[in-house]
Structures are given as structure tokens and as C-alpha cells.
């Protein structure tokens, strides 16, 4: 598990505008610089925030993916998905 | 000695500056911040001490203190991409006083990390934007970890406030000090308890009412007893921001607030005490 790497990646979408752009246009290439497991890459690229949440990724940081429309997410799809994790569905 | 002249509890919702810019100062949010701004101006402070929880911008998980203080001539913010309605400010500070707070705190058993050459996010800058126009008064930020388990106990945060108060009251300069604690009581941000189509939600409105009952009654002991870690997390993933209010309450001597306004749609409140 590389939860710290995922948390870092999410935060960089706020701080590094070139990385944000890369995540919006070619996320599979953009995430190469992060040391992620195959499961983590798959969940991230699918915008599967429920799985990421259950892996322990910080919700607040994960929200940047929705805010900046990354990996198919926006506020609507993000909220639909994360709500399905349920109040006891995470960490 | 320094004198505590006022204390405030305030929210820091990131889009409030743009909201009030659009809706005007007579909008509910504009009016509620306006009460604190007018009260603070009348208190004529020389310096503001603000208790705050950083949102992973000043700190990150690779270096994550439970308690920390900013000690420098000044700082910048917000450092997390403003949502409109406010510029990036340069805020003056008061490093010698901040150093005294750190030194006496550590010697009294509070392990306070030191920040130098730092910036702050919206959680410090939004309340300052509304109550410290032009950033004319110096500000000392004090950070309390209030989001990620394990949280420091409410009792410990109150005792921290008392310790800082002792330092201020023994400080050799004649200064007028205002205290701010900032944060929500019940709020979930980007977690499973948000509202559909929104970035946040208020999972536990009853807790907001309960916290406000303690505040209105000046019952700080009751609030500390009720504010267990489980209770705060149950109120939302930023529910621990209440700890910033509890540290601030160490300066109010259990007095009833001069004003207390709930904003239920955001799970928070505005309160003020002239002291």
C-alpha cells in the first residue's frame, strides 16, 4: 500500500498546475512518477474513490480529483460514488 | 503584562469571501462576520492569536505535528489556491511574543513544533480576511491537529489555552491580545457523509445545537466532557476543528458570549466575547 504516495499525488493536483493539466489529459502517463501498486493505479485511473477511500486515502485530498475533473470525476460523480461507501465503509 | 481584550469563534469556509463579495455585506454571512469585525475593531487589539487546523497545506503526512506555532516576522496566505473574493495576503506577525508562547509552553509540558518561513491556508486566511481588514493587526497562528486520528483530547487543548493565557498575562510588554478559534462543529468534506452533488455535508446537526447550548450557557466544562474524540469524528471528518474553539474558550472565563449565531447549513457558528 502506498497511501502516502496517493495522498501526495492528490495534493500535487492542487499545487502543481502542470501536473494537474497532465492528470486531466493523460493520467496514465502522469502517474508514472509515483510509486503505486497496480491496484492503486487501477482504482485511481477508474476514479474509483470508494476503493481509494477504503485503502485509506484522505478524503479531503481526494476531493481535489473531483474539483479539477480528473480521472472522470466531477462533484456529481464523486459525491454519488463516495456516498455509496457509507458512513462505516471507510477508515 | 498583555491583556486579553476579546475572543471569537469563527468559521473558515473557503468560498465565503467570494460569496460575500457576490451577495454583499448585508447577506447572512456578511452580517455574521461583520459582528466579529466590529467587535474586534472596538477591542483595539495590538495582536491576534488564532487557533487553527491546517488542511494539509502548511503540514503534510510526512511531517505532521499535533501542536505547532508560527514564529516569524510575517507569513503569506492562502497557500491553497484562493476561491475568489480575497487576494493572497502578507500578514505581519509578532515573533518575540510567539517565541515566548512556544518557550513557556514547551517548558510546561506542551510539545509545540516551530514553524518559520511559512504560509497558511484558507482556514487561517478566511476569518482574517473578514475581521482583520488590510491585515493591519499582526497575527500569530497556532495549529492544533483536528482532522486526522488520533486527536489531542479536548481537555488538553483547553489546558493549552490556559497555559498560553498565563504566558500572555506574564509577558513584559503592555499588549492588547485578541484570540480566535476557527472551525466547524459538524462537517464532512469529500467523505461518505456529504450531500449528493455537493462537496460537503452536515452529518450531525444535533451536535451543532448541543455545542451551541454549551457555548450560550458559558459551560466550557460541559463542552469539554461532551467533546470526546469519537463524538467529534461522528460529527464529520473535520469535526475535530471544535478543538480550536475549546482552546479559545480558555480565555473567556465561562462567560456567556456577546453574540452567538448558528449557520446550520454549514454546521458551524460565530461567537464573540469582549473581555
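FYI, it's all coordinate maths here, none of it is from the lab. From a predicted model like this one, the values you see are computed outputs, not experimental measurements. Ideal geometry is used to build each Cβ from the backbone, glycine not excepted, and the neighbour counts take in all protein chains shown.
Looking at chain B, what % of its DSSP beta bridges pair antiparallel, to the nearest 5?
Rounded to the nearest five, the antiparallel share is 50 percent.
For n ≥ 4 DSSP H runs only, could you compute -39500 (n - 2.57) per run for the protein assembly as shown, divide by its residues and tell me the 222 nm figure to the nearest 500?
After summing the helix terms and dividing by residue count, I get -12500 deg cm²/dmol.
Taking the alpha-carbon centroid of each part, what is the distance from region B:148-176 to region A:31-53 in angstrom?
First find each Cα centre; the distance between them is then 42 Å.
Based on C-alpha coordinates, I'd like the Rg and Dmax of region B:36-165, in Å.
Computed over the Cα atoms of region B:36-165, radius of gyration and Dmax are 14.4, 42 Å.
Grab the alpha carbons of chain B, take their convex hull, and tell me the volume per residue in Å³.
116 Å³
If you take the beta carbon distance between residue A:32 and residue B:63 as r and set R0 to 45 Å, what does 1/(1 + (r/R0)^6) give as a FRET efficiency, to the nearest 0.05?
Efficiency, rounded to the nearest 0.05: 0.95.
Report the antiparallel proportion of the DSSP beta bridges in region B:56-190 as a percent, rounded to a multiple of 5.
Working: 8 of 12 bridges.
The answer is about 65 percent antiparallel.
Beta carbons within 10 angstrom, averaged per residue: use that to sort the peptides B:195-203, B:245-253, highest first.
Going from most to least packed, we get B:245-253, B:195-203.
For the peptides A:13-24, B:171-182, A:68-79, what is the packing order when you average, over each peptide's residues, the other Cβ atoms within 10 Å and list the highest mean first?
Going by the mean number of other Cβ atoms within 10 Å, highest first, we get B:171-182, A:68-79, A:13-24.
With N residues in region B:10-75, what two-decimal value do you get for its Cα radius of gyration over 2.2 N^0.38 Å?
Taking the Cα Rg and dividing by 2.2 N^0.38 Å, one obtains 1.43.
Once the piece of chain linking residue B:265 and residue B:234 is laid out straight, how much longer is it, given 0.36 nm per residue of separation minus the C-alpha distance between them?
9.4 nm
Enter the per residue convex hull volume of chain A, computed from alpha-carbon coordinates, in Å³ rounded to the nearest integer.
Residue-normalised Cα hull volume stands at 79 Å³.
Under the definition of partner shielding as Cβ atoms of other protein chains within 10 Å of a residue Cβ, what is the mean value for peptide A:51-62? If you can, show how the numbers build up before the last one.
Working: counts 0, 0, 3, 0, 0, 0, 0, 8, 10, 12, 5, 2.
Neighbouring Cβ atoms belonging to other protein chains average 3 per residue here.
Could you compute the FRET efficiency for residue A:74 and residue B:18, with r as their C-beta to C-beta distance and R0 at 25 Å, rounded to 0.05?
In this case the efficiency is close to 0.80.
Once you treat every alpha carbon in the protein assembly as shown as an equal point and sum by Debye, what is log10 I(q)/I(0) at q = 0.12 Å⁻¹?
-0.87
What average count of beta carbons from other chains do you get within 10 Å of the Cβ of residues in B:183-196?
On the way: counts 0, 0, 0, 0, 0, 4, 3, 16, 12, 15, 6, 7, 2, 6.
Across B:183-196, the average partner-chain Cβ count within 10 Å equals 5.
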